[in-house]
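A.B. asks: Please read through the structure below; I'll follow up with questions.
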Amino acid sequence: MKFSEIPAHNSVKRQLVDMVDNEKIPHALLFEGKSGIGKMMLARALAQYIHCPNRSNGDSCGICPSCLQHQSFNHIDTHFSFPVIKVKNKSGAPVSDDWIDQWRQLLSDSPYMDMNTWVDLLGNPNAQPLIYVEESSALIHKLNFTSHAARFKIVLMWLPERMNEPSANKLLKLLEEPHDDTLFILVSNEPTKILPTIYSRLQRIQVKRLDDNVIAQYLERHFGVATDQAQGIARLAEGSILEATHRLSTSDESKQFLEMFISLMRFAYQKKVGELRKWSNNVAEFGREKCCRFMEYCERLTGENYIYNLRNPQLVALDYEESKFSTNFARFINERNVEQLRRLFIEARRDIAGNANAKIVLFDIAVSIILYLK
Ligand SMILES: [Zn+2]
């Protein structure tokens with residue numbers, strides 16, 4: 001991966017290129033920041049840049065044998081280390097090499113490193129992948145006993161916070177006695193969970209969240225999402241491509257939630273009690289978890305419509321369909337009813353989560369809304 005293939009992060013890229021060009025590469029580097037912003041891509045581009053013999057204009061060439069090996073995740077002096085689960089029919093703890101094929105698929109299918117995709121590839125969606133102590137032993141072996149072609153051997157480790165304690169202590173030994181020819185590049189979503197003795201030995205690079213427009217462009221380019229919708233999702237994604245793509249894939253549920261919210265408000269406004277009873281029964285059939293998500297959704301949409309009504313559209317976090325609805329509806333949410341309505345949804349969520357009869361709770365709030373919309 002070349003730096004130029006990674007959206008945004010220009011100042012980090014410059015910092016990395018300067019490090020390499022001035023031969024001031026720290027022997028242990030940590031990329032830290034929230035998930036889904038491209039830290040692993042920066043780490044991969046850095047490794048490729050370090051190994052490329054034909055660097056120019058602050059990037060690797062992308063076509064030399066070394067770059068080609070990097071791009072197919074097969075560079076002989078680049079060792080990947082990542083959380084894994086136990087392998088069926090194999091005794092002993094698993095190591096990264098046991099799952100290297102799935103790992104290459106993750107890097108190519110999900111360069112923003114989606115943990116959900118990873119546990120799917122590992123074949124167990126409920127798994128809690130870890131980096132076991134055997135992984136550190138395997139790394140020591142690779143670093144000490146294998147020959148190398150390039151000047152530097154590089155260890156690229158994803159999620160050092162998932163090392164168990166024995167594993168972390170063994171890695172610490174490696175970091176305490178650095179080899180001149182070995183670089184550790186670590187990528188962490190939750191750096192506070194890294195063993196402090198390790199964390200203090202790492203040179204840290206903070207990678208910032210992405211701008212909304214970077215995310216919107218990504219959604220348009222990769223998923224063909226319409227500009228309006230892409231911007232709507234980007235505003236909710238908190239700077240993370242993964243969060244944005246997750247929201248895109250759950251937008252079916254959001255659509256359903258929006259429809260149910262619209263009917264609730266319409267029937268309440270028209271005082272159609274019979275329809276509201278049917279509505280309560282239909283929503284109750286979502287099941288408890290989904291009902292709770294729906295109540296959160298109603299609470300959020302109510303709050304956003306209030307902000308919309310205050311004529312602050314740029315502060316509003318609504319997707320395209322939601323804001324279309326809000327152009328007519330927002331005027332019904334005002335300072336007299338917004339807190340009462342939000343409290344209804346919050347309390348309903350609490351009651352349903354606490355096992356109350358959802359049909360009754362929902363019908364109660366539906367009827368109360370008749371009063372609040374007057
Ligand atoms: Zn090259």
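A.B. asks: Cβ neighbours within 10 Å, averaged per peptide: list 89-101, 23-35 in order, most packed at the top. Can you show the working numbers first?
C.D. replies: Working: 89-101: 14.8, 23-35: 17.7.
Taking the mean over residues of other Cβ atoms within 10 Å, the ranking is 23-35, 89-101.
A.B. asks: How big is the antiparallel share of DSSP beta bridges in the chain, given as a percent to the nearest 5?
C.D. replies: Values: 2 of 22 bridges.
Percentage antiparallel, nearest 5: 10.
A.B. asks: Further question on the same structure: So, R0 is 41 Å and r is the distance between the beta-carbons of Ser249 and Asp180; what FRET efficiency does that work out to, to 0.05?
C.D. replies: 0.35
A.B. asks: Under 20 Å Cα-Cα from Lys153, which aspartates and glutamates qualify once same-chain neighbours fewer than 8 residues away are excluded?
C.D. replies: Lys153 reaches Asp18, Asp21, Glu23, Asp59, Asp77, Asp97, Glu134, Glu135, Glu176, Glu177, Asp180, Asp181.
A.B. asks: Which value, in debye to the nearest 20, describes the size of the charge dipole of the chain about its Cα centre when Lys and Arg Cβ atoms bear +1, Asp and Glu Cβ atoms bear -1, and nothing else is charged?
C.D. replies: 920
A.B. asks: Same structure again: Find the centroid of the Cα atoms in segment 198-247 and in segment 86-102, then give the distance between the two in whole Å.
C.D. replies: 32
A.B. asks: Moving on. What is the spin-label model distance, in nm, from Phe223 to Asn281 if the labels are put 7 Å beyond Cα along the C-beta direction?
C.D. replies: Distance between label points: 3.6 nm.
A.B. asks: Still on this structure: Once the Cβ-Cβ distance between Cys64 and Asn126 is put in as r, and R0 is 41 Å, what FRET efficiency do you end up with, to the nearest 0.05?
C.D. replies: The formula returns an efficiency of 0.45 here.
A.B. asks: Provide Leu310, Leu362, Leu341 in ascending order of the number of other Cβ atoms located within 10 Å of each residue's Cβ, fewest first.
C.D. replies: Neighbour counts put them in this order, fewest first: Leu310, Leu341, Leu362.
A.B. asks: I need the Kirkwood Rh of the chain: take the reciprocal of the average 1/r across all distinct C-alpha pairs and report it in angstrom. Show your work: numbers first, answer last.
C.D. replies: Details: mean 1/r = 0.0424 Å⁻¹.
After inverting the mean inverse Cα-Cα distance, the result is 23.6 Å.
Each value in this text was obtained by applying a stated rule to the coordinates, not by laboratory testing. In this text, all values refer to a predicted model and were calculated from it rather than measured experimentally. When we count neighbours, we look across all protein chains shown, and the Cβ atoms used for this are built from the backbone with ideal geometry, even at glycine.
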